[in-house]
Amino acid sequence: MNFLQFAVWGAYLTSMGTYLAGAGFGSIIGWFYAIQGVVSIFMPGIMGIVADRWIPAQRLLGLCHAMAGMLMCAAGIYGLSESANISLLFTLYACSVAFYMPTLALSNSVAFNALTKAGLDTVKDFPPIRVFGTVGFICTMWVVDLCGFQPTSKQFIVSGALSIILAIYAQTLPACPVKGKSEGGEQQSLVQALGLDAFKLFKDYRMAVFFIFSMLLGVSLQITNGYANPYITSFQGIAEYADTFGAQHANILISLSQVSETCCILLIPFCLKRFGIKNVMLIAMTAWVFRFGLFGTGNPGSGVWMFVLSCIVYGVAFDFFNISGALYVDQNTNESIRSSAQGLFMIMTNGLGATVGTLTAQAIVNHYVYDQPEAMQIEGWRTCWFIFAAYALVVGIAFLFLFKNSKKEA
């Protein structure tokens with residue numbers, strides 16, 4: 001399940017920008033990534049209510065994937081048409097994403113339920129299973145690259161087909177209970193069900209600062225997913241780099257980021273214990289500076305080592321922020337709102353932060369790259385990456401002075 005869950009996403013997440021740029025839609029790449037953040041603000045909460053009250057999680061997981069898969073296949077097939085209209089393509093894609101994003105939480109619920117029923121320890125036994133999700137993500141990145149689907153909408157068809165396969169497989173997974181009512185016997189309020197009661201954490205200065213900086217750092221999350229591939233691929237237009245491995249196989253090169261992400265998870269317990277949450281978050285922010293800065297200085301030829309190092313650094317940038325942040329929220333909130341607090345963390349990072357980040361990045365890239373003559377675009381790309389690096393540096397410096405963790409460390 002985890003392999004397929006993330007293979008669906010990996011089929012297009014890092015290569016979609018190259019397809020859109022090649023199809024003449026480069027100026028709106030940001031919207032295709034921003035819509036993931038927009039739907040993440042409300043769709044997981046809504047589907048969570050449905051799973052809790054009416055439809056078992058494994059059934060709903062299948063239904064969501066069936067809808068997402070059919071819509072994504074439709075988007076892929078429509079995109080192959082020479083007269084494809086961007087409005088309809090975006091609508092099909094956005095509707096598919098709206099059904100996919102809730103499955104990230106639903107698949108976790110199904111996994112935890114299955115492990116609990118089998119008498120296993122979720123804390124100990126789930127992480128090795130979750131690794132297969134990253135393996136699935138990497139596999140479809142490679143498949144799309146090696147099959148030559150990066151510059152075409154066929155990547156959407158690959159994603160949709162895998163989603164439909166998972167929709168069928170989900171019906172064979174262990175049954176999840178439908179609670180219907182809260183433990184007290186009363187229906188939860190809509191505010192509680194959607195996790196909005198966690199917003200009262202903003203009354204605590206320390207938590208408010210943490211969540212605000214989570215949003216500010218979340219701005220960085222989708223930038224390289226949206227623009228790293230079209231940037232590296234654009235070197236094909238320069239004779240010196242046209243035949244290099246990196247320029248020809250950007251997705252395979254970028255997949256090193258996911259490999260690093262898998263490995264860096266193992267460093268988190270040691271680093272949290274040794275350095276504490278503030279320093280771990282500062283390490284993540286510094287890593288984002290290097291992630292973007294190395295992209296700006298590298299190239300697929302003699303400077304390919306900078307791209308590789310940027311991908312290695314990504315594991316620290318992503319894991320030390322996302323996973324450490326989630327652990328910090330878990331250990332510094334009351335049990336009564338712990339789940340809601342995790343939902344708020346996701347809203348601030350993958351919802352608000354990622355949406356603002358991708359749309360802002362779109363404006364910057366359009367100005368420095370797509371609005372410029374082709375001969376000047378590589379230099380424009382470099383300027384963009386340095387702007388992103390400078391932003392991460394400013395956020396890190398502000399966090400250093402403003403965040404005071406007076407309570408227990410994660």
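The values are calculated or read from the model by the stated rules, or taken from the named source; none is laboratory data. Nothing here was measured: the structure is a model prediction, and the numbers come from that model. When we count neighbours, we look across all protein chains shown, and the Cβ atoms used for this are built from the backbone with ideal geometry, even at glycine. For the accessible areas, the whole protein counts, side chains as well, though only heavy atoms, and no ligand, DNA or RNA atoms are used. Shrake-Rupley method; radii C 1.70, N 1.55, O 1.52, S 1.80 Å.
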Within segment 36-56, tally of residues that are farther than 19 Å from residue 164 by Cβ and more than 21 Å from the chain's Cα centre (by Cα): 7
Hits in segment 41-92 (condition: of a type in the set (Asp, Glu) and in a helix (DSSP H, G or I)): 52
Lone unmet requirement of (1) within 13 Å of residue 10 (Cα to Cα); (2) open to solvent by 10 Å² or more (accessible area, probe 1.4 Å) for residue 159: (2)
Among (1) surrounded by fewer than 22 Cβ atoms within 10 Å (Cβ to Cβ); (2) closer than 24 Å to residue 241 by Cα, the one test that residue 369 misses: (1)
Matching residues, segment 294-322, being farther than 21 Å from residue 238 by Cα and of a type in the set (Gly, Ala, Ser): 310, 315, 317
Yes/no for residue 389 being surrounded by 18 or more Cβ atoms within 10 Å (Cβ to Cβ), modelled with pLDDT under 90 and farther than 23 Å from residue 106 by Cβ: no
Residue in segment 367-380 that is in contact with a Lys or Arg (Cβ under 6 Å, 6 or more places away or on another chain) and at pLDDT 80 or above present: no
Tally of residues being out of contact with any Gly (no Cβ under 6 Å at 6 or more places or on another chain) and surrounded by 23 or more Cβ atoms within 10 Å (Cβ to Cβ) across segment 278-297: 8
Residues being among the polar types (S, T, N, Q), assigned to a helix (DSSP H, G or I) and open to solvent by less than 10 Å² (accessible area, probe 1.4 Å) - total across segment 8-40: 1
Condition check for residue 88: modelled with pLDDT of 90 or more, open to solvent by 50 Å² or more (accessible area, probe 1.4 Å) and touching a helix residue (DSSP H, G or I) at 6+ places or on another chain (Cβ under 8 Å): yes
